[in-house]
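Have a look at the structure below before the remarks.
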Amino acid sequence: GEAMGLFAPQRRGRLYPQIPMSMSVAGSEFNVAVALARLGHSAAFLGAVGPDAAGRMVLTVLAQESVDTRFLSTGSDPTGLMVKEWYGLAPEPRVYYHRQKTSMTRWDPPDEAIDAFEDAWLHVSGITVMLDAGLAGRVARFLARWDAAHPGRLSFDVNFRRRLGPPDAWREHIRPALASASLVFCSWSDAQALWNVSTPGELFERGIIAENQHLVVTDGARGASFWERGRRCVEVLAWPAGEVVDVVGAGDGFTAGVLAGRLVGRGWEESLRLGSVVGAFAVSHPGDFEGYPLADEVKAVLAEAWLDR
């Protein structure tokens with residue numbers, strides 16, 4: 001997926017000259033890879049960055065987090081950028097993107113990656129598919145080849161972002177990736193915005209999610225649920241967080257937690273609960289990935305053995 005440079009103000013308010021800013025990195029699949037590595041899994045990140053400061057920061061952070069970068073290439077075009085602005089009437093920040101004509105939009109997923117990882121699981125988001133029409137086609141072909149080589153080991157997070165295209169364009173461009181996945185993550189707000197459904201079960205009834213696919217639906221502070229064959233099988237409440245500082249990256253953390261649980265054979269309820277703990281850590285810390293917990297920290301919280309002092 002995509003990794004970007006991230007500029008964020010150090011205090012709330014409208015952006016204006018001389019306001020203090022910090023620079024970091026972010027990206028949906030990037031966040032998932034980092035969160036999985038912190039949870040004790042072997043993780044790799046596939047994608048492309050540019051020959052610039054943001055690209056170097058992506059490589060540095062992934063190395064620090066022990067994420068495999070052998071298939072993260074450096075192209076001749078720049079790395080994408082994201083700018084946050086803590087201003088407005090909503091708790092979420094306003095976000096501005098610079099994602100056109102970047103190294104990632106020209107990226108061609110390498111076929112050799114399909115056989116490079118034994119018993120691997122692949123995760124991708126709709127954001128990557130929506131960056132560029134040509135990239136969408138190349139990613140779709142790669143996912144089909146991956147699914148043929150690793151059947152049932154592909155997850156897709158819808159991750160709808162209106163700034164990347166209207167709902168009709170999203171429905172068209174994500175269809176191949178959505179069809180290839182054995183596990184689909186989708187927020188309830190995204191499902192309503194894209195398909196105008198009245199219940200997650202309707203996604204199965206209308207053939208948007210196939211009978212043999214698994215679906216995890218998130219609903220913000222209300223929690224998450226697991227669906228199979230059009231039926232809600234598991235529901236968990238959102239894990240209580242302290243002060244909500246920054247909600248960006250919480251969904252990716254939740255996804256990583258669910259995948260971490262399933263990869264070691266945990267049941268769906270336990271996996272969703274693990275994801276909710278990672279999400280709670282994320283919203284309690286500024287930045288996209290910085291607040292993700294370590295495996296022993298999650299274990300302590302789940303065992304009610306977390307000590308603040």
With criteria (1) within 25 Å of Val25 (Cα to Cα); (2) modelled with pLDDT of 90 or more; (3) of a type outside the set (Phe, Trp, Tyr); (4) in a helix (DSSP H, G or I), Pro293 comes up short on (4)
For Ala90, state whether it is within 25 Å of Ala250 (Cβ to Cβ), open to solvent by 10 Å² or more (accessible area, probe 1.4 Å) and of a type in the set (A, V, I, L, M).
yes
In the list Ser182, Ser155, which residue meets the criterion of being out of contact with any Asp or Glu (no Cβ under 9 Å at 6 or more places or on another chain), modelled with pLDDT of 95 or more and among the small types (Gly, Ala, Ser)?
Ser155
Among residues of the stretch 7-54 being in a strand (DSSP E or B) and out of contact with any Gly (no Cβ under 8 Å at 6 or more places or on another chain), the residue least open to solvent (accessible area, probe 1.4 Å) is Pro9
Take the stretch 77-129 and flag every residue that is modelled with pLDDT of 95 or more and either hydroxyl-bearing (Ser, Thr, Tyr) or touching a Pro at 6+ places or on another chain (Cβ under 7 Å) (or both).
Thr79, Thr102, Ser103, Thr105, Ser125, Thr128
Checking the conditions here, which among Thr199, Thr218 is polar (S, T, N, Q), without any contact (Cβ under 8 Å) to a residue 24 or more places away in the chain, within 28 Å of Gly152 (Cα to Cα) and open to solvent by 20 Å² or more (accessible area, probe 1.4 Å)?
Thr199
Could you grab the pairs with beta carbons closer than 7 Å, sequence gap of 6+ or different chains, first residue in the stretch 248-268 and in contact (Cβ under 8 Å) with a residue 24 or more places away in the chain and more than 17 Å from Val184 (Cβ to Cβ), second one aromatic (Phe, Trp, Tyr) and open to solvent by less than 40 Å² (accessible area, probe 1.4 Å)?
Gly249/Phe289; Gly253/Tyr292
Residues satisfying the stated conditions in the stretch 221-233, i.e. of a type in the set (Lys, Arg) and either open to solvent by less than 60 Å² (accessible area, probe 1.4 Å) or on the phi > 0 side of the Ramachandran plot (or both):
Arg229
I'd like the full set of residues that are open to solvent by 40 Å² or more (accessible area, probe 1.4 Å) and at pLDDT below 95, limited to the stretch 243-262.
Glu243, Val244, Val245, Val247, Gly251
Working only within the stretch 118-162, note down all residues that are in contact with a strand residue (DSSP E or B) (Cβ under 6 Å, 6 or more places away or on another chain) and either open to solvent by 60 Å² or more (accessible area, probe 1.4 Å) or of a type in the set (Ser, Thr, Tyr) (or both).
Ser125, Ser155
Determine whether Ser180 is open to solvent by less than 20 Å² (accessible area, probe 1.4 Å) and in contact with a helix residue (DSSP H, G or I) (Cβ under 7 Å, 6 or more places away or on another chain).
no
Could you grab me the full set of residues in the stretch 78-91 that are out of contact with any His (no Cβ under 7 Å at 6 or more places or on another chain) and part of a strand (DSSP E or B)?
Met82, Val83, Lys84, Glu85
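The values are calculated or read from the model by the stated rules, or taken from the named source; none is laboratory data. Predicted, not measured: the structure shown is a model, and the values here were computed from it. Using ideal geometry, Cβ is built from the backbone for each residue, glycine included, and neighbour counts are taken over all protein chains shown. Accessible surface is based on the protein model in full, side chains and every heavy atom, while ligands, DNA and RNA are left aside. Shrake-Rupley method; radii C 1.70, N 1.55, O 1.52, S 1.80 Å.
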